[in-house]
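These notes concern the structure reproduced below.
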Amino acid sequence: MDEFAEMAAREREAKRIARRQWFWLHFAVYATTQVFLGVIWALSDATYPWYIFPLFGWGILVAAHAVFAFVVKAPEEIMVEREARRSEGRQ
């Protein structure tokens with residue numbers, strides 16, 4: 001592998017790591033906020049669990065972010081993998 005290909009691979013890996021780090025930051029903020037809202041609800045005299053609305057609403061977004069960070073590949077990664085398989089088949 002030439003130097004340019006190694007640099008491109010490192011850059012793709014750095015982007016992948018950054019996406020995952022941003023997800024964990026998002027999850028930490030989500031969890032902290034949900035605990036805070038649960039404590040507020042428990043300390044108040046409210047009987048209806050109103051905190052479940054932000055819990056599920058924001059939870060859907062956190063789940064989508066997890067899919068983006070851990071499952072979905074960027075289009076350029078798919079193209080690079082496809083080209084690598086094609087070049088392996090030629091040799």
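The values are calculated or read from the model by the stated rules, or taken from the named source; none is laboratory data. Because the structure is predicted, anything quoted here is derived from the model rather than measured. Reconstructed Cβ throughout: ideal geometry from the backbone, glycine too, with neighbour counts over all protein chains shown. Remember, those area values only see protein heavy atoms, side chains included, never the ligands or the DNA or RNA. Shrake-Rupley method; radii C 1.70, N 1.55, O 1.52, S 1.80 Å.
What the table below lists for this structure:
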{"read-out": "Crossing angle, helix 52-70 versus the chain [Cα axis fit, 0-90 degrees, rounded to tens]", "value": "10 degrees"}
{"read-out": "Label-to-label distance, nm, for residues given as Phe36 and Ala64 (7 Å Cα→Cβ offset)", "value": "2.3 nm"}
{"read-out": "The chain: angle of helix 3-43 to the longest principal axis, Cα-based, in degrees nearest 10", "value": "10 degrees"}
{"read-out": "Pair Val29, Trp50: separation of 7 Å Cα→Cβ label points (nm)", "value": "2.3 nm"}
{"read-out": "With every protein chain in place, the chain: carbon and sulfur % of accessible area (1.4 Å)", "value": "69 percent"}
{"read-out": "Relative contact order %, the chain, counting alpha carbon pairs below 8 Å whose residues are six or more apart", "value": "35 percent"}
{"read-out": "Dipole of the chain, positive direction: furthest Cα of Phe53, Ala8, Phe36, with charges on the beta-carbon", "value": "Phe53"}
{"read-out": "Residues in the stretch 56-72 reached by a label modelled at Arg16 [backbone nitrogen below 15 Å; 7 Å Cα→Cβ]", "value": "68-72"}
{"read-out": "Full-extension gain in nm, Ala5 to Ala74, via 0.36 nm per residue minus C-alpha separation", "value": "23.1 nm"}
{"read-out": "Average accessible surface area per residue within the stretch 1-67, 1.4 Å rolling probe, Å²", "value": "76 Å²"}
{"read-out": "Scattering curve values for the chain, log₁₀ I(q)/I(0), Debye with Cα scatterers, q = 0.11, 0.21 Å⁻¹", "value": "-0.52, -1.02"}
{"read-out": "Degrees between helix 75-90 axis and first principal axis of the chain (Cα, 0 to 90, nearest 10)", "value": "30 degrees"}
{"read-out": "About the Cα centre, charge dipole magnitude for the chain (Lys/Arg +1, Asp/Glu -1 at Cβ), debye", "value": "180 debye"}
{"read-out": "Summed side-chain charge close to Ala69 - residues other than Ala69 whose Cβ falls under 9 Å, Lys, Arg +1, Asp, Glu -1", "value": "+3"}
{"read-out": "Estimated 222 nm signal from helices in the chain, with DSSP H stretches of n ≥ 4 weighted -39500 (n - 2.57), rounded to 500", "value": "-29500 deg cm²/dmol"}
